[in-house]
1. When both residues are 6+ apart or on different chains and their Cβ atoms are under 9 Å apart, which pairs have a first residue that lies in the stretch 205-226 and is β-branched (Val, Ile, Thr), and a second that is open to solvent by 40 Å² or more (accessible area, probe 1.4 Å) and assigned to a loop (DSSP other than H, G, I, E, B)?
2. Of everything in the stretch 395-418, what is open to solvent by 10 Å² or more (accessible area, probe 1.4 Å), of a type in the set (A, V, I, L, M) and assigned to a helix (DSSP H, G or I)? Give them in sequence order.
3. List every residue pair whose Cβ atoms sit under 8 Å apart, with the two residues 6 or more apart in sequence or on different chains, where the first one lies in the stretch 139-160 and is open to solvent by 30 Å² or more (accessible area, probe 1.4 Å) and outside any helix (DSSP H, G or I) and the second, anywhere, is at pLDDT 80 or above and not charged (D, E, K, R).
4. For the stretch 320-335, what are the residues that are within 16 Å of Cys274 (Cα to Cα) and open to solvent by 70 Å² or more (accessible area, probe 1.4 Å)?
5. Only one residue in Asn392, Asn423 is touching a Lys or Arg at 6+ places or on another chain (Cβ under 9 Å), within 16 Å of Val254 (Cα to Cα) and part of a helix (DSSP H, G or I), so which one is that?
6. Specify which of the listed residues (Tyr309, Tyr249) is assigned to a helix (DSSP H, G or I), under 20 Å from Ser367 (Cα atoms), in contact (Cβ under 8 Å) with a residue 40 or more places away in the chain and under 20 Å from the mean Cα position of the chain (by Cα).
7. Only one residue in Asp380, Asp358 is touching a Cys at 6+ places or on another chain (Cβ under 9 Å) and among the acidic types (Asp, Glu). Which one?
8. Among the residues of the stretch 182-192, is any touching a residue at least 12 places away in the same chain (Cβ under 8 Å), more than 18 Å from Ala90 (Cα to Cα), not β-branched (Val, Ile, Thr) and not in a helix (DSSP H, G or I)?
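The values are calculated or read from the model by the stated rules, or taken from the named source; none is laboratory data. Owing to the predicted nature of the structure, the values given are computational and were not obtained by experimental measurement. Virtual Cβ from ideal backbone geometry, glycine too; neighbours counted across all protein chains shown. Only protein heavy atoms, including side chains, enter the accessible area calculation; ligands, DNA and RNA are left aside. Shrake-Rupley method; radii C 1.70, N 1.55, O 1.52, S 1.80 Å.
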Amino acid sequence: MSEHSLKRQLKVLTVPVFIEMALVMMLGAVDTVMLSRYSDNSVAAVGLDNQLMSLVFLVYQFFSMGAAIICAQYIGAGFQKRLVQVVGMALVVNLLLGLTVSALLFVFAEQLLHLMGVRPELMGDALVYLRLTGALSFFQALSLTFSASLRSAGKVTYPMVVTGIVNVVNIIGNYALIFGRLGCPQMGVEGAAIATAASRAVATLLLAVIHFRKHIPRFPLRYFFPIPWLELRNLLFIGIPAMSENISYNLSQVVVTYFINQISNEALATRTYCANIIMFVYLFCLSITQGGDILVGHLVGQRHHQAAYVLGNYFFRWSMIITLTGSAILAIFGREILAAFTDNQEIIAMGVWVFVIDWFLEIGRTSNIFATSTLRATGDAYYPLMIAVIFNWTIAVGLSYVVGIPLGYGLIGMWVAFALDENIRGIILMRRWRSGKWRSKGLT
């Protein structure tokens, strides 16, 4: 396959992935925007809950991420039966895992929020939102698996369309239930939780129907008896480090959120607003990396390593250019953007400085997103895990605590520590990519 053909395929894959990820981010941001019209405290409460739910969704991605990487390589190698086995096992395991975690979130929601140090004035809203979204979170476990399977086969348009439909459902639900419109009662945070949970259920049902009609029509029982232990081993081999790396990062962010909560409600609300806005800055990096890694997986399955390396460098370069341009715009117009969400001048002042520091942070984050995901797509999954665990906890957590609380620099000082963490990891992981040691890690 020529370089021109690969670049053309990359564009075809990236556009729908970009749109889908923008819509996924909007799903969380819509709750924040609409609740900001309700109260800043409700935004802070939901921000805390979403930090925890992000961690839960990464647990669900354990098998779906592994399945996506393995499927891409199997499609490149032409292993159809093994493809069906991997997806089938990922669906069964994620369903069982999702039901278990959902039950635990519903039963132990209050204890988890106490562990996170939620302030008494936020506890009521936070508890309602976590119980409702947590109890139905198993839908997300299945949704992630169906979506990953479709993407690995290059069928990226279907998840995009489903996510668009789900956003419409969520916006209408939020409008009706938060503010008491369309004949519904005014329910505030509880209404946002119901709308979000219902939209995730709709996404799962739609993706399931599409998956059976357009990708894998059936899962013959003879493919799974005896149990295909080799495929389970491959899922674990990729899934465990992939999940562990993401859990390490997000768990560190939960701890950091706990620290920020000790500073003030304004600091917590600022973090929630800024995090939701900044997500759109590195959206292109996430989407082009996901699209590119499908092709990298196919190329590694075909043992075309040099083509995979050239393609990876191409989409990394564009990721960096576009992300830093978006971050610069955010730093310049940060005050005006934040003023659209809140009139609290303390939140706006903190947020402006966060956006300025974040430009430097995005240099490292772009490198990390690319190198971690692309190394994983080649089968080199354990090295990024080791680097993440070391620096997430020594710098992102340890240094941010020292700078932010004992030294008194607050949220601004903590964001400087986050930038340092991202950039150190980015330098190390890019060296790994350029070394070529991943060439011997393929699963085919």
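1. From residues that are β-branched (Val, Ile, Thr), the pairs are Ile210/Lys155.
2. Hits for the stretch 395-418 are Ile395, Val397, Leu399, Val402, Val403, Ile412, Val416.
3. Every condition considered, the pairs that remain are Ala153/His215; Lys155/His215.
4. Of everything in the stretch 320-335, those that are within 16 Å of Cys274 (Cα to Cα) and open to solvent by 70 Å² or more (accessible area, probe 1.4 Å) turn out to be Ile329, Ile332, Phe333, Arg335.
5. Answer to the check: Asn392.
6. Checking each option against the conditions leaves just Tyr249.
7. Asp358
8. Yes; the residues of the stretch 182-192 include at least one that is touching a residue at least 12 places away in the same chain (Cβ under 8 Å), more than 18 Å from Ala90 (Cα to Cα), not β-branched (Val, Ile, Thr) and not in a helix (DSSP H, G or I).
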